[in-house]
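The values are calculated or read from the model by the stated rules, or taken from the named source; none is laboratory data. Because the structure is predicted, anything quoted here is derived from the model rather than measured. Using ideal geometry, Cβ is built from the backbone for each residue, glycine included, and neighbour counts are taken over all protein chains shown. Keep in mind that these areas ignore ligands, DNA and RNA; they rest on the heavy atoms of the full protein, side chains included. Shrake-Rupley method; radii C 1.70, N 1.55, O 1.52, S 1.80 Å.
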Amino acid sequence: MKIFKHVKRCIAAGAVALAAISMSPSTAIAQSDPSGPSTRVVGGTRAAQGEFPFMVRLSMGCGGSLYAKDIVLTAAHCVDGSGPNTSITATAGSVDLQSTSAVKVRSTHVLQAPGYNGNGKDWALIKLAKPINLPTLNIATTTAYDNGTFDIAGWGANREGGAQQRYLLKAKVPFISDATCKAAGGSYSGLIAAEEICAGLQQGGVDTCQGDSGGPMFRKDSAGAWVQVGIVSWGEGCARAGKPGVYTQVSYFATAIKNAASQLG
Ligand code: ARG
């Protein structure tokens with residue numbers, strides 16, 4: 001069943017303790033990892049302050065990226081719909097969410113991908129009440145960078161069923177072809193090849209996880225600048241062998257995102 005696929009994932013997340021397939025944002029409170037540096041985000045390590053300055057944490061428990069100084073790009077499944085919305089707080093400028101130097105700005109408006117129905121089209125824009133003076137992240141406008149090794153980062157769980165993180169974690173994951181991704185079976189057989197891009201290690205161990213949703217998957221372009229190729233969307237569990245992370249394929253939506261951003265003003 002294709003319609004409401006994401007909704008079903010959310011329900012699954014609520015019903016099953018270790019959410020098998022989930023797109024629902026986590027609302028867990030950020031906290032430090034009590035188990036120390038050996039337990040890392042599904043294979044990640046801590047990002048250095050300023051390493052990924054475009055990273056945003058959203059108050060509903062999602063990630064995002066600074067598309068413009070006053071617009072955050074995130075996942076459609078992280079927001080409730082489109083329209084005026086002052087309920088979201090964006091935190092940026094610090095790897096430590098509890099730092100007094102972290103910048104916090106409220107939303108004024110949300111624009112969810114037109115036609116979003118829980119299956120594909122997993123992107124949304126959040127307009128901020130004021131600009132944040134940090135570098136923005138360019139989005140891929142062609143498929144040229146939809147390959148290679150990607151960087152992922154977020155304050156989400158550091159293992160399946162784990163706690164949200166106080167400090168930004170990062171990892172690298174290789175591209176996985178649509179064919180290989182579909183062959184993972186289960187929900188992956190419904191992969192929308194044009195709209196979604198997969199990444200992960202065949203043996204598992206490195207992945208995004210709950211609470212990373214909406215955050216960017218990115219790499220360097222030919223000029224050495226960061227370019228966003230994906231938006232954290234879903235996966236079966238986290239970092240499981242043979243179960244890749246699935247990301248919104250940003251290049252496919254580049255024009256739609258650009259048009260949506262100009263609508264937000
Ligand atoms: N839906 C999750 C969220 O809301 C992200 C899941 C990503 N899962 C994965 N295995 N890559 O944060």
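Condition first: modelled with pLDDT of 95 or more, open to solvent by 20 Å² or more (accessible area, probe 1.4 Å), β-branched (Val, Ile, Thr) and assigned to a loop (DSSP other than H, G, I, E, B). Can you find one or more residues in the range 203-225 that meet it? If you could, list the steps in order and put the result at the bottom.
Let us first name the residues in the range 203-225 that are modelled with pLDDT of 95 or more, namely 203-225.
Narrowing the set further to residues that are open to solvent by 20 Å² or more (accessible area, probe 1.4 Å) leaves 203, 205-206, 210, 219-225.
Keeping just the survivors that are β-branched (Val, Ile, Thr) gives 206.
Applying the additional criterion that residues be assigned to a loop (DSSP other than H, G, I, E, B) yields 206.
Taking every residue of the range 203-225 in turn, at least one turns out to be modelled with pLDDT of 95 or more, open to solvent by 20 Å² or more (accessible area, probe 1.4 Å), β-branched (Val, Ile, Thr) and assigned to a loop (DSSP other than H, G, I, E, B).
When residue 69 is evaluated against the numbered criteria (1) within 16 Å of the ligand (Cβ to nearest atom); (2) surrounded by fewer than 20 Cβ atoms within 10 Å (Cβ to Cβ), which criterion, by number, is the only one it fails?
(1)
What do you reckon, is residue 250 more than 7 Å from the ligand (Cβ to nearest atom) and in contact with a helix residue (DSSP H, G or I) (Cβ under 7 Å, 6 or more places away or on another chain)?
no
Quick test for you: out of 252, 167, pick the one residue that is modelled with pLDDT of 95 or more, of a type in the set (Ser, Thr, Tyr), farther than 30 Å from residue 130 by Cβ and surrounded by fewer than 24 Cβ atoms within 10 Å (Cβ to Cβ).
Sole residue among the options that is modelled with pLDDT of 95 or more, of a type in the set (Ser, Thr, Tyr), farther than 30 Å from residue 130 by Cβ and surrounded by fewer than 24 Cβ atoms within 10 Å (Cβ to Cβ): 252.
All but one of (1) within 27 Å of residue 69 (Cα to Cα); (2) touching a residue at least 40 places away in the same chain (Cβ under 8 Å); (3) more than 10 Å from the ligand (Cβ to nearest atom) hold for residue 158; state the number of the condition that does not hold.
(1)
Taking the conditions exactly as written (of a type outside the set (Val, Ile, Thr) and within 17 Å of the chain's Cα centre (by Cα)), does residue 113 satisfy them or not?
Here the answer is yes, as residue 113 does meet what is asked.
Taking the options 142, 108, 136, name whichever one is within 19 Å of residue 262 (Cβ to Cβ), over 19 Å from the mean Cα position of the chain (by Cα) and of a type in the set (Ser, Thr, Tyr).
After ruling out the rest, the residue left standing is 108.
Hey, can you tell me all the residues within the range 199-220 that are more than 10 Å from the ligand (Cβ to nearest atom) and within 9 Å of the chain's Cα centre (by Cα)?
216
Given the conditions (1) closer than 14 Å to residue 124 by Cβ; (2) part of a strand (DSSP E or B), report the number of the one that residue 246 does not fulfil.
Every listed condition holds for residue 246 apart from (1).
Take the residues of the range 138-152 that are in a loop (DSSP other than H, G, I, E, B) and among the hydroxyl-bearing types (Ser, Thr, Tyr): which is surrounded by the most Cβ atoms within 10 Å (Cβ to Cβ)?
141
Go through the range 97-137 and count every residue that is out of contact with any helix residue (DSSP H, G or I) (no Cβ under 9 Å at 6 or more places or on another chain), in a loop (DSSP other than H, G, I, E, B) and in contact (Cβ under 8 Å) with a residue 12 or more places away in the chain.
Within the range 97-137, residues that are out of contact with any helix residue (DSSP H, G or I) (no Cβ under 9 Å at 6 or more places or on another chain), in a loop (DSSP other than H, G, I, E, B) and in contact (Cβ under 8 Å) with a residue 12 or more places away in the chain number 11.
So which residues in the range 95-114 are open to solvent by less than 60 Å² (accessible area, probe 1.4 Å) and out of contact with any strand residue (DSSP E or B) (no Cβ under 8 Å at 6 or more places or on another chain)?
99
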